[in-house]
Structures are given as C-alpha cells and as structure tokens.
Amino acid sequence: MATMNRPLCAKGCGRNGWAETKNLCSWCYFESIKEDYAKSKDKIIVVPEGSPFPFAAAYRESLKLKSNRCQCCNKKVGLTGFWCRCGKVLCGIHRYPIEHSCAFDFKTADRLVLAKQNPLLKPDKLDTRI
C-alpha cells in the first residue's frame, strides 16, 4: 500500500511518481533523461584560456593503447612504431617530420626547454652591497 502515499506523476500521465525522480513515474523520468542527454550533446564545450587542453594527454594515452598502425600509410607497426611529438604513431618510413608533414614546432619547443634548463644569471648592479 505504499502507492497510496506517492504523488501522481508531475507530467500528468496518471501513474504514481517518486520523490527521488522529481515526482515523475519511471517512464516519464526515463524520457526526461533522454531529452536532457539530447540537449547536452548540442552544447558547445568552451575551454578556458588558462588550461591548454588538459584532456590532450588522456587522449594521447587512449591512442597509445589502440594504435598499432602508421597513421600515414596504415601499415602495421607493432612494437617498432615511432611516436612523433605531434602525437602520431608512424612507421620507419614516415617517422621523419618531412615525410608525414609534421605541424609540430620543434624549434620553439626546444627553445623553451633550454630557457627553463639554463636560467639567466645576472650579477648585482650595486657593488657596495654586502
């Protein structure tokens, strides 16, 4: 007799609703979840400027598990595949940046590494300081 204490469905279908499901019956609750999911798929994801794609590393890890083929010629690479800095798995022929038209900027990346490893040391401008 627990159905006597439950309110009717909020959408007005005539069935009894549940407080846990916003006073909707199971059928209407399932339909509302499907509608919410369809609305959320249409939304545009905005990435804030402060975070340079935090999901890129996770995406690369997922590719690492699945990919065993060259992304240029689709040749099986197995254990001999080469990872480029642009994130592609390549065979021995396409491993060079010129061969697979790599878009990664090696020069800027290496300059940043050198600047971080070799900080600029300047002497004190005041000679009288102890």
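The values are calculated or read from the model by the stated rules, or taken from the named source; none is laboratory data. Bear in mind that the values here come from a model prediction, so they are computed numbers and not experimental data. Ideal geometry is used to build each Cβ from the backbone, glycine not excepted, and the neighbour counts take in all protein chains shown.
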query = Of all residues in the stretch 85-99, which are at pLDDT 90 or above and part of a loop (DSSP other than H, G, I, E, B)?
reply = CYS91, GLY92, ILE93, HIS94, ARG95, TYR96, PRO97, ILE98, GLU99
task = Determine whether the stretch 112-121 contains at least one residue that is modelled with pLDDT under 80 and either surrounded by 10 or more Cβ atoms within 10 Å (Cβ to Cβ) or part of a loop (DSSP other than H, G, I, E, B) (or both).
result = no
request  = Just need a number here: residues in the stretch 88-111 that are loosely packed, with under 10 Cβ neighbours inside 10 Å and more than 22 Å from CYS73 (Cβ to Cβ).
outcome  = 2
Every pair of residues 6+ apart whose Cβ atoms lie under 8 Å, when the first sits in the stretch 105-130 and is under 26 Å from CYS84 (Cβ atoms) while the second is at pLDDT 90 or above and of a type outside the set (S, T, N, Q) = PHE106/PRO97
